[in-house]
Every structure is written in C-alpha cells, then in structure tokens.
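K.L.:
Got a structure for you, written out below as structure tokens; questions coming shortly.
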Ligand SMILES: Cc1cc2nc3c(=O)[nH]c(=O)nc-3n(C[C@H](O)[C@H](O)[C@H](O)COP(=O)(O)OP(=O)(O)OC[C@H]3O[C@@H](n4cnc5c(N)ncnc54)[C@H](O)[C@@H]3O)c2cc1C
C-alpha cells in the first residue's frame, strides 16, 4: 500500500473538498495522509467569515467539513500561516503534493478619487468585521448618516446592502459579531442604495438571493419597473436561463413594492461611480448615468466589486490568482478554489473544481517519497489542532445557547486562542 502525504494550505471549502476528493481517490493500493494548514485559529474560511449571518442554512455545510476532519488520516494545523510560520518550499519538500486553497481575500478597488476617505470601505473589510474575523474587529464603520451606497452587482453587494438595511434585532438570533449588532442597533442608516455600472440584465446576482428580498419583514425594496421591462425587451427570448430568472425576480420585486417601512434598499442600474466626495469623511458619491451626472448623498460607501488573492512567497501569482493550468502550478504544487479560479462560484462549485484537480494529482503521483513529519519545523509554535478547534467550537456554541444563537463567536485572536488547549510543538 502506497501512503502519500498531502499538505492542504487553507481550511476553507476548497481545502475541505480537496481532502474529501483525496479520500475518494484512496483504494486498496494507495491512501493519503492529509495535513491542513490554516492561518486563523478557526477553520471553514468564508463559510465562517463571509457567508451572511442571516443565512444560517448555508453554513450547515460545515458539518461536511467536520466529518472530513475527524478522519484518522487528517490533521489540522491552525494558527499556522504558510509564507510566514512555514515556507511553501518546506511544504513541497516534506509532502508528496501541496495544494494551495487560500482563497481570494483582498478587495478590489475602484481607483477613483475619494476612495480613501473615512467611511469608504471594501466589502473585504466590512463583511469580516460583522462576521467576527479576528483581523477585522477594529474596522472603522461609520453608521451615523441616513444613507449608505453599496457599489457592485453581485451577491456580496446584495449581502452587504441587506445587512445594512435589516431591522438589526433580526440579527440577534444569528452569529453576527457582538460589536456589529451593537453598531447596527445604533445605526442611523435607513436608506441603502445598490449601484451597478450596467443594466439589470448584466447583474451577477443569483436569483434565489433576489427572490429572498421581498421576504424581508422590515425593509422596502425598490426597483424601477420600467428599467426591468426595458431590459427584458433588450434580451428578448434568447436570454440565458439565469438572466431570465434574475429579470423575473426583479420584475416581481418592482411590481410588489412596499413603502411602509422605515428602512429601504433601492437598486440603481447604469450608475458608474466617478468620485467619492467629502471633507475628511464620505459625504456623497458622484455617478455618471445615461441621463447625466448624479450625486447620491451618503456617509458610508462599501465597494463589493471582487477580490484578488493575497500573495504567498514561493507561489506564482498573476491576475489576482495563482498562476496555474487546470490546477497544476509548479513541481508538486497545485491550487483549488478561489485562489485558482478567482472569486466566482458558490460553495458547491469548489467541490467539483477540487475533484478535477485531485484527479490530476492522482495521475501525477509517482512513488511516495517517505518524507519526515512536519512537526519538528513547528517547534515553539502555538498550533491549534483539530482537538483545540473543537474546544473553541464547543465554547462558542455553549456561549450562544442562552441567547438562542447558533454560536457566539470569539472576536479577537486572544479570545479564540483562550478557548483552546494549545499544543506547543
Ligand atoms: C461575502 C461573501 C459571501 C458569500 N456567501 C455565499 C453564500 O451565501 N453561499 C455560497 O454558496 N457561497 C457564498 N460565497 C462564496 C464562497 O464563500 C466561496 O465559494 C468559498 O468560500 C471559496 O472557498 P475557498 O476555500 O477557495 O476560499 P476561502 O473560503 O476564502 O478559504 C481560504 C482559507 O485559507 C486561509 N488562508 C489564507 N492564506 C493562508 C496562508 N498563507 N496560510 C494558511 N491559510 C491561509 C484563509 O484564512 C481561509 O480560511 C460568499 C463569498 C463571500 C466573499
């Protein structure tokens, strides 16, 4: 029996689905010992720090991850950053294959004037702030104005707009960070605009997310019916199924508009941001539109226009992702998930993607290299193992129970690490 050692860098969906595909590849002739490295004290990637807290069902995929993690062939090394605590070279040397699954976490910027003003932030900071990512606990989110503008036409923009426009007590039974719930309860924001550069037919929302909007109990959702009717006429019968479904969902919203609530989300199509205005702090956004220039007054601007992957020394990056051909990078290095494809695709997309890369690894592997264990390189390093993570997990769930929350998340590195019985290698 050939036993191969595989390192997976990043404990997000792509990393776990890669581990699952490796397990599926095992047979009577070969098996895999999997070590997963994660820079945070907690696994699950964007399932923990990206997916909106008011969509808890989506997070139940973490049950699949935990099943993989309890396999005897699996070890978690969290609180270990590759590129800092261990180099990629060291991994390539000690493992038969190294799979990069580090996602795509750097928010793209618009490159327009005023983007650095206080009150202008990327969804790449705002989302992890409300989701209790320990690197983002101190993000400055001014909520003391009546209006906010979200720039972007995808599901992240929609999540951001919805979270800003929800009645904040709706977040009480969720795992939203404590500091964010308090801030939203004190928020003056009542009007949230989602501004898209192009027309409704080009929006990258998915229709289930659009269809959820009319279910908001305390928020009006405004879409201009004439714009949707015009878009439907433009695309005609030849429109792709997804586009048709999106336009139908938007038409339904436009024709069933509520106006009785104090809080409102309004969609602005064909609005291209030109400049963020303000004296020391955001006061408005200037857009060009088909009918001329328009300024929307607001005190907060959140851009949700995509992500780039963060560089890791020793890994080739280009165009915001890891340079690869079908997941092969160089030598025994491979890439999966958002680091491979860029920031597109839902959680499930990473499963088929990881399977196809693991298939290639299966073809590439020669004889196992009998390499020595990684732990001697981690001497003196505080590592959060699977058992430690389970202690953090149990503590968070227990803390949430009396508040009817699925969990009450630790907010800072210290709080998270304090829950774990830490191993010092
Ligand atoms: C705001 C937002 C909301 C979303 N909502 C949904 C949704 O509702 N439904 C849905 O299906 N999809 C949703 N998605 C998409 C989904 O989250 C992604 O498809 C998926 O998370 C990508 O998986 P990944 O493993 O490639 O990256 P990630 O989930 O980002 O995981 C990467 C992991 O690698 C770790 N890492 C990074 N660098 C290093 C390093 N140097 N060393 C060690 N570890 C490292 C990170 O800490 C992270 O844990 C959302 C995405 C975003 C941004």
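K.L.:
Going 7 Å from the Cα of residue 363 toward and past its Cβ, which residues in the range 313-329 have a backbone nitrogen under 20 Å from where you end up?
P.N.:
Output list for this probe position: 323-329.
K.L.:
I'd like the orientation of helix 241-255 relative to the chain: the angle between its Cα long axis and the longest Cα principal axis, in ° from 0 to 90, rounded to 10.
P.N.:
40 degrees
K.L.:
How far is the Cα center of the range 65-80 from the Cα center of the range 95-151, in Å?
P.N.:
28 Å
K.L.:
Using Cα springs under 10 Å in a Gaussian network model of the chain, which residue among 195, 97, 398 shows the largest mean-square fluctuation?
P.N.:
Maximum among the listed residues: 398.
K.L.:
Give the calculated FRET efficiency between residue 272 and residue 295 to the nearest 0.05, with a Förster radius of 22 Å applied to their Cβ-Cβ distance.
P.N.:
So the FRET efficiency works out to roughly 0.95.
K.L.:
Contour minus end-to-end for residue 27 and residue 346, with contour as 0.36 nm per residue of separation and end-to-end as the Cα-Cα distance?
P.N.:
Here the segment from residue 27 to residue 346 would lengthen by 111.9 nm.
K.L.:
Which length gain, in nm to one decimal place, applies between residue 311 and residue 169 when the Cα-Cα distance is subtracted from 0.36 nm times their residue separation?
P.N.:
47.3 nm
K.L.:
Then there's this: How far apart, in nm, are two points set 7 Å out from the Cα along the Cα-to-Cβ line at residue 370 and at residue 328?
P.N.:
2.7 nm
K.L.:
To continue, here is another question. How high is the relative contact order of the chain, in percent, counting Cα pairs under 8 Å that sit 6 or more residues apart?
P.N.:
The normalised contact order for the chain reaches 23 percent.
K.L.:
Turning to a different aspect of this structure: Output the direction-averaged projected area (hull surface divided by four) of the convex hull of the alpha-carbon atoms of the range 1-98, in nm².
P.N.:
6.4 nm²
K.L.:
Name the most mobile residue of 282, 139, 384, meaning the one with the largest mean-square fluctuation, in a Gaussian network model of the chain with Cα contacts below 10 Å.
P.N.:
Maximum among the listed residues: 139.
K.L.:
Looking only at the range 128-149, which residues have a backbone nitrogen under 19 Å from a spot 7 Å from the Cα of residue 188 in the C-beta direction?
P.N.:
Flagged as within label range: 140-149.
K.L.:
Which angle between 0 and 90 degrees, to the nearest 10, do you get for helix 155-165 versus the longest principal axis of the chain when only C-alpha atoms count?
P.N.:
60 degrees
K.L.:
Give, to the nearest whole percent, the P(r) tail of the chain beyond 42 angstrom, counting all Cα pairs.
P.N.:
Pairs farther apart than 42 Å: 18 percent.
K.L.:
May I ask for the angle, rounded to the nearest 10°, between helix 386-400 and the longest principal axis of the chain, with both axes built from Cα atoms and the value confined to 0 to 90°?
P.N.:
30 degrees
K.L.:
Here's another thing I want to ask about it. For residue 258 and residue 391 in the same chain, what is the full-extension length gain: residue separation times 0.36 nm, less their Cα-Cα distance, in nm?
P.N.:
Gain in length upon complete extension: 43.3 nm.
K.L.:
Once label points are set 7 Å from the Cα along Cα→Cβ at both residue 404 and residue 55, what is their separation, rounded to one decimal in nm?
P.N.:
The modelled label-to-label distance comes out at 2.4 nm.
K.L.:
Further, regarding this structure: What value does the range 29-171 have for Rg/Rh, both radii from Cα atoms and Rh as Kirkwood defines it?
P.N.:
Using Cα coordinates only, the ratio equals 1.04.
K.L.:
List the pair-distance distribution P(r) of the range 109-305, using every Cα-Cα distance, as the percent of pairs falling in each 10 Å bin from 0 up to the bin containing the longest distance, rounded to whole percents.
P.N.:
Calculated over all Cα pairs of the range 109-305, the distribution is 9, 36, 36, 16, 2 percent.
K.L.:
Picking from 299, 280, 320, which is most flexible by a Gaussian network model of the chain using Cα springs under 10 Å?
P.N.:
Most flexible of the set in this elastic network: 280.
K.L.:
In nanometres, what is the gap between the two model label sites at residue 218 and residue 356, each 7 Å from Cα along Cα-to-Cβ?
P.N.:
Rounded to a tenth, the inter-label distance reads 4.4 nm.
K.L.:
Here is a further query. Using only C-alpha positions, report the orientation-averaged shadow area of the convex hull of the range 107-210, nm², one decimal.
P.N.:
7.2 nm²
Values in this text are rule-based calculations from the coordinates and carry no lab data. Remember, it's a predicted structure, so these values are computed and weren't measured experimentally. In this analysis, Cβ positions are derived from the backbone assuming ideal geometry, glycine residues included, and neighbour counts consider all displayed protein chains.
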